[in-house]
Amino acid sequence: MQIWIIIAIFAHFLNAITAIIDKHIVSNKVMKPVVYAFYSGVFQILYLLAIPVIAIAWPEISFRFPSWELFALATFTGALFILTLTVFFKAIRLGEVSRVTPVVGVSVPIATYFLSLFLLGEVLGMRQLVAFSLFVIGGFLMSARISRGKITHMKGVALAVTAGFLFASYYVLTDFLFDRVGFLDVFMILQFGGFLGAVILLLFPRHRREIFNMKDEENDIIENKASAALFIYDKVIAAVAAALLLYAISIGNVVIINSLESTKYVFTLLMAVILSRRLPALFHEQTGNGVIVQKGIALVFIAVGLFLIA
């Protein structure tokens, strides 16, 4: 198995952990989605503090400023990620995390494939295309709510699909940038763009009120030490996952990497089921026999897809 596949799977495992934490934070009156996205973006500026440290510790690594056009594109891409997070957090606030994340995951590889095909000219081989299809089918089965042979409505599905398209746009744009600019250069500019995206949220009066209204019980994370620690822990894990995923994209195939997000559903499902049984007041997941069988079949499709690209 190629190293970028292993890195991507580990990154998706870390993202599964953050998805569970995100669900708790935005669903249990800890923090509203837009506020969570804002602080996620603000914290990204801390990455830029690492530049002088890296320059001193590893003088052989130099940061090069790209053209203004590529700098603007990378900044826009970083800001786009904050918008994507806002939509994603709203989606998981409405629905079950083990269903919402697969909907996002199904949308991401489909949108990534067509965007990569038309914008980057990337074409999958037959074996990769079959694996891609299995990941999509597995993701659909993992997310769909089937009752009496019919697919029923799931809360947050429209937001989840929108988030999936936005995530795909973000990853395709980063892949485009990695082909033209060094990994660390792109990564740092993306963090600056994320910070800028958080600042842009303040331009909207409603968002500004939500972000700075600290009397709201859902915005008390700064005053609550346990919540603040959980938020920081989540952001550290998310940062490591983002760095690993971007690195995998820089050396691998962005379509396959995003298809591998199906593996995150496996990790998310296992953690969600365990937590819903141990902490039912905080996590609500359906665990009936029919649901388990349906998701078990989905896991088979995902496993076969992994075998094909291994």
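Here are the numbers for this structure:
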item: Extension gain from residue 46 to residue 251, taking 0.36 nm per residue of separation minus the Cα-Cα distance; result: 71.3 nm
item: Length gained when the stretch residue 243-residue 13 is fully extended (0.36 nm per residue, less Cα-Cα span); result: 81.5 nm
item: Ranked by how many other beta carbons lie within 10 Å on average, peptides 205-212, 8-15, 45-52 from highest; result: 8-15, 205-212, 45-52
item: Gain in span if fully extended, residue 293 to residue 270, counting 0.36 nm per residue against the direct Cα distance; result: 6.9 nm
item: Per-pair calculated FRET efficiency, R0 = 22 Å: residue 140 and residue 118 via Cβ, rounded to 0.05; result: 0.45
item: Per-peptide average of other Cβ atoms within 10 Å, ordering 238-245, 164-171 highest first; result: 164-171, 238-245
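None of the figures in this text is laboratory data; all of them are computed from the coordinates on show. Owing to the predicted nature of the structure, the values given are computational and were not obtained by experimental measurement. Please note: Cβ atoms are built from the backbone with ideal geometry, for glycine as well, and neighbour counts cover all protein chains shown.
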